[in-house]
Amino acid sequence: MTGVQRSIHRPHHHRSASPTRPAQQGAAVPRPTSKDVARAAGVSQAAVSLVLGEKWQGRVAPTTADRVRDAARQLGYRPNLAARNLRLGRTRTALFVVPALTNDFFARVYTGAARTAAEHDFGVVLYLSPEGIGPAKDPFASARAALDGVIASSMAADALTTIRGTDLPLVMLDSDPADPTAAAHVNVDLADGMRQVTEHLLTLGHRDFLHLAADVDSWTFQVRARAIADALREAPGATLRTAPAPLSVPGALEATLHALGTAPRPTALICDDDIIAAGACKAARRLGLRIPEDISVTGFDDLTLATAVDPELTTLHLPAEQVGERGMHALLAVLDNQAPDSAALPVELVVRGSTAPPRTR
């Protein structure tokens with residue numbers, strides 16, 4: 001499947017020789033069966049199926065369940081997943097779609113999703129959909145039968161067109177909760193995050209703002225822009241200009257140079273992303289401006305980049321791994337016909353050296 005990286009994560013179990021079935025020299029050790037587990041634990045095969053299938057509550061005593069698990073562990077028993085999946089009508093595999101992993105936010109989201117998937121004996125297939133590079137023709141056609149559902153970032157716009165045409169359950173990350181094509185949505189509280197940023201800058205005394213807005217047509221950036229405008233509308237004497245900026249350091253640098261070349265010069269730059277903020281910092285220095293003495297700069301996402309620049313960025317920390325965990329839990333809930341958790345995850349302002357009170361003019 002073009003564009004797919006097959007990084008399937010599953011728990012690793014180390015099989016040991018059965019204590020009740022010693023291996024003969026040079027002979028293959030027979031794979032232990034549920035019958036062997038039942039015999040070792042002194043229970044029926046039905047009880048083994050209930051315990052190892054996590055359906056034992058209320059039907060098998062806790063002490064018996066512990067005994068079955070201990071016996072399975074000692075024997076090195078692993079259930080036949082193919083047979084179980086055939087019975088359940090599931091492959092226990094999810095497709096995870098993001099624009100790229102060069103942005104460590106998405107790498108952390110993937111880590112959270114893969115960890116939660118492994119805890120539930122699910123595999124995760126990674127599909128990268130970089131901006132401006134459309135997916136192969138119907139890239140999911142050959143894999144659809146091998147997938148139970150899809151977890152996708154709203155930033156993977158090219159791939160989403162194809163995904164939405166399938167009958168697979170779709171969990172959307174960072175997307176419009178009113179979108180009816182998704183079975184579930186997982187969001188962080190973007191609006192509150194931008195409110196925290198603007199309130200921080202207002203408290204420092206800033207009133208002249210430039211919003212360097214990501215030049216991407218996406219719900220997530222629309223929410224950020226509205227939140228900034230709403231927060232500053234209520235602030236006496238506050239002014240706001242908006243300038244589009246590409247999601248790259250060189251692109252953001254050029255956009256900031258152009259925006260700062262137009263009077264009046266702001267005292268604070270609110271950036272939609274840490275990458276844009278890094279470009280803005282380079283532009284400010286090129287213009288001979290000191291950060292934060294002459295101009296304050298804020299980011300969004302709290303990427304590794306935020307602490308690599310000097311001074312370190314004041315930014316919004318997003319719980320990226322929790323986003324991935326919540327996404328996988330939402331897919332599991334949808335597959336089990338349960339209501340997923342739809343509450344927005346909280347974000348936290350991290351104040352560092354790139355913001356300070358404005359210099360008296």
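At-a-glance table
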| read-out | value |
| --- | --- |
| Filtered residues of the stretch 219-239 (kept if of a type outside the set (Val, Ile, Thr) and either crowded, with 19+ Cβ neighbours inside 10 Å or in a helix (DSSP H, G or I) (or both)) | Trp219, Phe221, Gln222, Arg224, Ala225, Arg226, Ala227, Ala229, Asp230, Ala231, Leu232, Arg233 |
| Sole residue being modelled with pLDDT of 95 or more and touching a helix residue (DSSP H, G or I) at 6+ places or on another chain (Cβ under 8 Å), chosen from His200, His206, His211 | His211 |
| Looking only at the stretch 132-169, and only at residues there that are at pLDDT below 70 and among the polar types (S, T, N, Q), the one that is nearest to Met328 (Cα to Cα) | Thr166 |
| Given (1) within 32 Å of the chain's Cα centre (by Cα); (2) over 30 Å from Ala178 (Cβ atoms), number of the condition Pro264 does not satisfy | (1) |
| Residue in the stretch 233-248 that is within 24 Å of Pro99 (Cβ to Cβ), in contact with an Asp or Glu (Cβ under 8 Å, 6 or more places away or on another chain) and of a type in the set (Gly, Ala, Ser) present | yes |
| Any pair with Cβ under 9 angstrom, 6 or more apart, that starts in the stretch 78-103 at a residue that is modelled with pLDDT of 75 or more and ends at one that is part of a loop (DSSP other than H, G, I, E, B) and among the β-branched types (Val, Ile, Thr) | Thr93/Ile8 |
| Selected residue [closer than 16 Å to Leu210 by Cα and either acidic (Asp, Glu) or modelled with pLDDT under 95 (or both)] from Pro357, Pro264 | Pro264 |
| Leading residue by the ranking (modelled with the lowest pLDDT) among those in the stretch 174-197 that are within 18 Å of the chain's Cα centre (by Cα) and polar (S, T, N, Q) | Ser175 |
| Residue list for the stretch 333-361, restricted to those being more than 22 Å from the chain's Cα centre (by Cα) and more than 28 Å from Lys55 (Cα to Cα) | Val351, Arg352, Gly353, Ser354, Thr355, Ala356, Pro357, Pro358, Arg359, Thr360, Arg361 |
| Which numbered condition Leu210 misses (of (1) buried (at least 16 other Cβ atoms within 10 Å of the Cβ); (2) in a helix (DSSP H, G or I)) | (2) |
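The values are calculated or read from the model by the stated rules, or taken from the named source; none is laboratory data. From a predicted model like this one, the values you see are computed outputs, not experimental measurements. Here Cβ is always computed from backbone atoms with ideal geometry, including for glycine, and neighbour counts include all displayed protein chains.
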